[in-house]
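First comes the structure, then the notes that go with it.
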Amino acid sequence: MYKISEELAALGKKRIEGFPVEGFVRGSGPRNPALMLVGEAPGENEVQTGIPFTGRAGKELMASLASIGLAREDVYITSAVRSRPYKWGQKKERNGEITERKYNRAPTKKEIIAHAPILDTEIQDIHPPIIVTLGNIGLQRLIGPQAKVTQLHGVLIETPILVWNEEAQNFEPSRRHYHVFPTFHPASVFYNPPVRALKEDDWLRLGDLLHLKK
Ligand code: URA
């Protein structure tokens, strides 16, 4: 198993202080994974279990992995942000009462910057053979804001990735090139069902690529 250092975790927690987020979920997986998966941020479920992708999206992701003969133990799972970004909203109970609750939201650029050193370190230490980005947040964190999953999904890209430069306060392209395979976020099929067929096709292509690489 690979684990980020306590110092880096403490730095991440410190850098995200003051933002509307909760919890801190570490990335999880072996030191030499078949793939690294880069999601968006943990949700309510993950903050409770402390393990990435353990909610409804996680079930969907495990099915995709299984479709190419992989399981959670074979891959390293992480995300752009390691705390759950939330916003307050109202929920109407069955008895008509209105209660306040936390809803998930996409992380902001500042939150992504706060946890950028964590993802940079994970990638540098693990050197994954392929980085699979799940959705636009993970893709744009690594390739830049112009990248769109709808345009780039299902194709292996050989590219530098963006690394946070604290002194310059900027993301800069890495000198090394990486293999990045963009696909949809597993939760996207819940609100956009036609994406399912595209996503399943992407995973089969990824399976072909991995078998070629063996
Ligand atoms: N979405 C993510 O990006 N990560 C999780 O752990 C859960 C949902």
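The table that follows gives values for the structure above.
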quantity	calculated
Subset of the range 51-71 (residues that are assigned to a loop (DSSP other than H, G, I, E, B) and either of a type in the set (Lys, Arg) or more than 16 Å from the ligand (Cβ to nearest atom) (or both))	ILE68, GLY69, LEU70, ALA71
Check on GLY154, within 16 Å of the ligand (Cβ to nearest atom), open to solvent by less than 10 Å² (accessible area, probe 1.4 Å) and either over 24 Å from PRO52 (Cβ atoms) or modelled with pLDDT of 95 or more (or both)	no
Check on LEU134, open to solvent by 50 Å² or more (accessible area, probe 1.4 Å), touching a His at 6+ places or on another chain (Cβ under 9 Å) and aliphatic (A, V, I, L, M)	no
Qualifying position, being touching a residue at least 60 places away in the same chain (Cβ under 8 Å) and more than 13 Å from the ligand (Cβ to nearest atom), among LYS102, LYS91	LYS102
Residue in the range 73-85 that is within 12 Å of the ligand (Cβ to nearest atom), part of a helix (DSSP H, G or I) and surrounded by fewer than 21 Cβ atoms within 10 Å (Cβ to Cβ) present	no
Those helices (runs of 4 or more DSSP H) lying entirely in the range 121-214 with at least 2 residues hydroxyl-bearing (Ser, Thr, Tyr)	188-191
Some residue of the range 189-208 being buried (at least 18 other Cβ atoms within 10 Å of the Cβ) and touching an Asp or Glu at 6+ places or on another chain (Cβ under 8 Å)	yes
Residue that is farthest from the ligand (Cβ to nearest atom) [pool: residues in the range 5-46 that are closer than 27 Å to THR183 by Cα and part of a helix (DSSP H, G or I)]	GLY12
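The values are calculated or read from the model by the stated rules, or taken from the named source; none is laboratory data. Everything numeric in this text was worked out from a predicted model, so none of it was measured. All Cβ positions, glycine included, derive from the backbone under ideal geometry; neighbour counts span all protein chains shown. The area values use the complete protein model at the heavy-atom level, side chains included, leaving out ligands, DNA and RNA. Shrake-Rupley method; radii C 1.70, N 1.55, O 1.52, S 1.80 Å.
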